[in-house]
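The values are calculated or read from the model by the stated rules, or taken from the named source; none is laboratory data. Owing to the predicted nature of the structure, the values given are computational and were not obtained by experimental measurement. Heads up, the Cβs are rebuilt from the backbone with ideal geometry, glycines too, and the neighbour counts pull from every protein chain shown.
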Amino acid sequence: MRFRPEISITEVPAPQKLAPFSIAFSADVIIKDDDVATGRFVMLHDPNEQEAWSGTFRCVTFVRSAVESEMQSDPLMSDVAWTWFQDSLKESGADSKETSGTVTRVSSASYGQMADTEHSAEIEIRASWTPISANHLEKHFQAWARLLEVSSGLTPLADGVTSLTQRN
C-alpha cells in the first residue's frame, strides 16, 4: 500500500494476549516539520471467533492529533471527530459492525518554568470494530490512514491520485 508522504508508517510489536494472531502499526503525520498527529492500528484475529467481537477479526485504533484551541473547546468537536471515524470506514469501503470508541478532547496550559510554552489542544480518537468480511481487510487499514489524514487537517486524496511533495 502507498501512503501520502506526510504519513510515516512503521510496523510495531502487536499485543500478544488479545488474540492468537495480530499485527500492529504506528504512524506519525508530519507537515512542514511539525508532528501534527500520531496513531496506532492493530488487527486481531482469532479463528475461534470471540463472542464480544461477533467475528474472527477485530480492528483497534488510536489517533491523536493537534487541533486549534477553538476547535477543541467546541462542544460539538467530539461528535465531529467520531464522524471522521465513521466516514473513514465508509469512504474506504471498510464494511464493519460492532463499532465502539471514545473521543477525548485535551487542553494543556503550562506554568512556572514552562510558562513560555504555548497552550496546546489535542483530540484523541480510540475506536474498535469488527470487519464484516475477511475479504479486503486492507480497506480497514486504509480507513485508519484516512482517519489520520482528516484528523491532521490533510485533505483526503481521491483513489488513484498521488500526492506530490514540494521541492525546496
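Is it the case, given these coordinates, that residue 104 is within 22 Å of residue 153 (Cβ to Cβ), touching an Asp or Glu at 6+ places or on another chain (Cβ under 7 Å) and either at pLDDT 85 or above or among the aliphatic types (A, V, I, L, M) (or both)? Criteria met by residue 104. If you go through the stretch 121-144 and keep only what is in contact with a helix residue (DSSP H, G or I) (Cβ under 8 Å, 6 or more places away or on another chain), within 16 Å of residue 99 (Cα to Cα) and not in a helix (DSSP H, G or I), you end up with 125, 127, 129, 131. Being within 18 Å of residue 138 (Cβ to Cβ) and either in a strand (DSSP E or B) or at pLDDT below 95 (or both), is that true of even one residue in the stretch 68-77? Among the residues of the stretch 68-77, not one is within 18 Å of residue 138 (Cβ to Cβ) and either in a strand (DSSP E or B) or at pLDDT below 95 (or both), which makes the answer no. Output the residue which, of all residues in the stretch 131-145 that are out of contact with any Cys (no Cβ under 7 Å at 6 or more places or on another chain) and crowded, with 22+ Cβ neighbours inside 10 Å, is farthest from residue 30 (Cα to Cα). That would be 143.
Applying the condition of being small (Gly, Ala, Ser) and at pLDDT 85 or above to the stretch 135-168 and asking which residue is farthest from the chain's Cα centre (by Cα) yields 153. Taking the stretch 1-14 as the range and being at pLDDT 90 or above and either over 14 Å from residue 150 (Cα atoms) or in a strand (DSSP E or B) (or both) as the test, the residues that pass are 7, 8, 9, 10, 11, 12, 13, 14.
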